[in-house]
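Chemist: Okay, here's the structure, questions in a sec.
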Amino acid sequence: MKKSKFTRAAAAFLAVIAIATTAASCKKNGDSGSDSGSESTSGNEPVRNETVINYEKADAMLPESIATAGVNIVENGKSDYKIVVPENADAIISFAATEAQNFIKDSTGVTIPVVSDSGLDFDETAKYISIGQTTIFKGSDLTITKEMGDTGYFMKRFGNTLVIAAKNSNGSLSAVYDFLKYEIGLEVYATDELAYEKKNTVALLDYNIMFIPVLDRRKILAEAFDASDVYTKRMRLWSWFGLGEWITFAHTTVSTFLPKDRYYDAHPEWYSESGTQVCYSNAEMRAAMEESIKSYINQNPNGFYVMIGHEDDKFMCGCDNCVKERELMGGYGGQELNFTNKVAEELEPWIAENYPDREISFVFFAYQTSEEPPAKYDEATGKWTPVWKDFSVRQNVKVMIAPVYTDFSQYLTSEENAAYYKNMKGWAEIFKQAGVEDGLVFWTYSTAATSYFATNNNFAISGEHYRTLADLGAVYVMDQNTADSNLPMLEQLKLYTMSKMMYRRDYDYNELADDFIEHYYGAASDEMKEYYEFIRARYKWLNENMSFTGRIFSDTTLPAYWTRPVVQEMLDIIDRGLAKLETIKTSDPERYEVLYARLKREKLSPIYFMFEYYMDYLTQEKKEEYYKDMETYTAKFNILGTREGANNMLSKLEGWKSQIYG
């Protein structure tokens, strides 16, 4: 990879802010990682004329390098291998086999057939690539253990046979992508940007791996993943198509299970005084909710999480019974836990009778009014003690912790986030005390909810967030990016690095960022690296001098943050990148068009700032040029709004058009 140009970008940035801004209050930045990079090449021809990174990074679970096994999967345009899947393979295993088949064909020109395991036995002399829990896997000496979770996998060679398997099909799919990474250098940067090597011969490596991801179940809510299930899977994330693993999701108590327009008139006592929450102490309401939950379990045969989530406001039932329960059980979180325990207990016999093979968990929120754990912390001993003497957690009950007020530009363990981390730690400790080791799921945030044109300042730090949550005992993390619109500012880089950091503990963020920029921006990568470093330097300065945070409700697009000299420098850097692309316009016109559009997408943020705050400084020619870019590339990249839930891009365009053209 190319060396960092941080010094040049930072110098340009400092020159700009010297004339554009004045210092305000100081605040220490929690992100101080240095940049690093290294160059390595492959002896095989890459798909594009770009450096091919050595992907075999050191890891406690994944080896730095793997010796060849003395047999070839593909040799001189031929293969004796077969890809084997279970006779009753689900859609994910079938997709994994197709991905292995297609990428090997793209790399070598050879199509390896996919066959069922029907009639096949474990045989070390057979040339099989076994994916999933096939008869071949079952005949091997491999046993999937509890510590491997759902997506930890085995990838092991037995003679000529390669066995790939995990408890959950998503784990086997991730393993297949790791296999392709080792064999042909496959790397997926975005929906429309991947790299792999062209090979005549593919050697079977001497695999002997048991890999456990840093997070067992991984999801990022983003429009890019919502739009492409293939991209989601290739980034080793869980699909968001339909509800995926969720039978019901998010705020469900009233809006899903007991909608007011259906039940309120006959049963107002089931609801809080506001009518927006349920009365958790009402047994009749609970029975009605359980019947509703049964219907949703019937409708979603592949899901395994039932979310019993209070609605998205700060009301709670104020009846005498609810007040007493909260006092007894340690607050709203304790009351919700108790309610969820009862629902889980009462539905268990029905689930066992109707769905004996399904593992269904019931999830409640630790969010806003219920974020604090129902326990007391002893500063002297460092121990948590549940408030309620009858405190318990059923094995199929989980808490979804959603620390919505956290500053996501800082470490979770930082002073700025001390109160929120303390809550997380409290929930973790009391679940462990109750004997539930896999009870924590997390809803984290990487969005800037009110400011889509200036991304949240969580560069480089999301890896620490995911590692911290894993160390607390998280089995699942869902990170909320922007699910209702694509973004213009470095979004693809962030989705790439966040996905990677969710998967492997040892990844170096700066290496990932450098590699992404080099591939995604191609001939303009030097300038886009400078742009990226400029944005990072700007955010660092704002954090230290203007109390700029990574809280999701902070307005990151204020004019004080984006002064005219700063915005002009952003435009100038991108324009230098666009000029650099002229070097390939004739030699590689197709690639030119792709890269040109990507840089134009990045240019939308500084254009937005110019239009919002500095329109009068622009010439008419520039106004019209920038308006055309806004109109064209917000549509091309499905950038639909300027803040969460707004979907206001068209109205913004109309307003700017009126200003520009009269």
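Chemist: Go through the range 276-313 and report how many residues are in a helix (DSSP H, G or I), of a type outside the set (S, T, Y) and either closer than 25 Å to F442 by Cα or out of contact with any Phe, Trp or Tyr (no Cβ under 6 Å at 6 or more places or on another chain) (or both). Lay out the reasoning, then the answer.
Modeler: The initial filter retains those residues of the range 276-313 that are in a helix (DSSP H, G or I), namely 283-299.
Narrowing further to those that are of a type outside the set (S, T, Y): 283-291, 293-294, 297-299.
Still in the running and either closer than 25 Å to F442 by Cα or out of contact with any Phe, Trp or Tyr (no Cβ under 6 Å at 6 or more places or on another chain) (or both): 283-284, 286-291, 293-294, 297-299.
The total comes to 13.
Chemist: Looking at (1) at pLDDT 95 or above; (2) over 30 Å from S239 (Cβ atoms); (3) hydroxyl-bearing (S, T, Y); (4) open to solvent by 10 Å² or more (accessible area, probe 1.4 Å), which is the one condition that is false for T381?
Modeler: (1)
Chemist: Looking at the range 329-385 only, could you name the residues that are more than 22 Å from G244 (Cβ to Cβ), touching a helix residue (DSSP H, G or I) at 6+ places or on another chain (Cβ under 8 Å) and of a type in the set (A, V, I, L, M, F, W, C)?
Modeler: Filtering the range 329-385 down to residues more than 22 Å from G244 (Cβ to Cβ) leaves 329-339, 341-342, 345-346, 348-350, 352-353, 356, 368-385.
Restricting the remaining residues to those that are touching a helix residue (DSSP H, G or I) at 6+ places or on another chain (Cβ under 8 Å) gives 329, 331-339, 342, 346, 350, 369-375, 377, 383-384.
The answer is M329, L337, F339, W350, A375, W384.
Chemist: Now, a different point. Can you confirm whether S172 is of a type outside the set (V, I, T) and assigned to a strand (DSSP E or B)?
Modeler: Values: of a type outside the set (V, I, T): yes; assigned to a strand (DSSP E or B): no.
Considered against the rule, which asks whether it is of a type outside the set (V, I, T) and assigned to a strand (DSSP E or B), S172 comes out as no.
Chemist: Considering N88, N102, N76, which residue is among the polar types (S, T, N, Q) and in contact (Cβ under 8 Å) with a residue 40 or more places away in the chain?
Modeler: Working: N88 fails: in contact (Cβ under 8 Å) with a residue 40 or more places away in the chain; N102 fails: in contact (Cβ under 8 Å) with a residue 40 or more places away in the chain.
Answer to the check: N76.
Chemist: Considering (1) more than 17 Å from the chain's Cα centre (by Cα); (2) of a type in the set (A, V, I, L, M, F, W, C); (3) assigned to a loop (DSSP other than H, G, I, E, B), say which one V214 fails and leave the rest.
Modeler: (1)
Chemist: Which residue out of R598, R551 is touching a residue at least 60 places away in the same chain (Cβ under 8 Å) and not in a helix (DSSP H, G or I)?
Modeler: R551
Chemist: When you go through (1) of a type in the set (S, T, N, Q); (2) open to solvent by less than 60 Å² (accessible area, probe 1.4 Å); (3) on the phi > 0 side of the Ramachandran plot one by one for S94, which number turns out not to apply?
Modeler: Failed condition: (3).
Chemist: Determine whether the range 69-92 contains at least one residue that is over 27 Å from D121 (Cα atoms), in a loop (DSSP other than H, G, I, E, B), at pLDDT below 50 and small (G, A, S).
Modeler: No, that holds for no residue.
Matching residues to (1) hydroxyl-bearing (S, T, Y); (2) open to solvent by less than 10 Å² (accessible area, probe 1.4 Å); (3) in contact with a helix residue (DSSP H, G or I) (Cβ under 7 Å, 6 or more places away or on another chain); (4) at pLDDT 95 or above:
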residue	(1), (2), (3), (4)
V397	no, yes, yes, yes
M424	no, yes, yes, yes
K432	no, no, no, yes
F442	no, yes, yes, yes
T447	yes, yes, no, no
Y452	yes, yes, no, yes
S485	yes, yes, yes, yes
M489	no, yes, yes, yes
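Chemist: A follow-up question, please. Which pairs turn up if I take residues in the range 273-284 that are closer than 17 Å to D261 by Cα and hydrophobic (A, V, I, L, M, F, W, C) and look for partners that are open to solvent by 50 Å² or more (accessible area, probe 1.4 Å) and outside any loop (DSSP other than H, G, I, E, B) with beta carbon separation below 8 Å, at least 6 apart in sequence or on another chain?
Modeler: Short answer, once both residue conditions are applied: C279/E269; C279/N321.
Chemist: Starting from the range 427-450, keep only residues that are among the hydrophobic types (A, V, I, L, M, F, W, C), then list their pairs with residues that are surrounded by 20 or more Cβ atoms within 10 Å (Cβ to Cβ) and assigned to a helix (DSSP H, G or I) whose Cβ atoms are within a distance under 7 Å, requiring at least 6 positions of separation or different chains.
Modeler: As it stands, the answer is L440/W427; L440/A428; L440/F431; F442/L469, since those pairs meet every condition given.
Chemist: In addition: Given (1) open to solvent by 20 Å² or more (accessible area, probe 1.4 Å); (2) at pLDDT 95 or above; (3) among the β-branched types (V, I, T), where does I129 come up short, assuming only one miss?
Modeler: Against the list (1) open to solvent by 20 Å² or more (accessible area, probe 1.4 Å); (2) at pLDDT 95 or above; (3) among the β-branched types (V, I, T), I129 comes up short only on (1).
The values are calculated or read from the model by the stated rules, or taken from the named source; none is laboratory data. Since this is a predicted model, take the numbers as computed values, not measurements. Neighbour counts run over all protein chains shown; Cβ positions are idealised from the backbone, glycine included. In case anyone asks, the SASA skips ligands and DNA or RNA and just uses the protein heavy atoms, side chains included. Shrake-Rupley method; radii C 1.70, N 1.55, O 1.52, S 1.80 Å.
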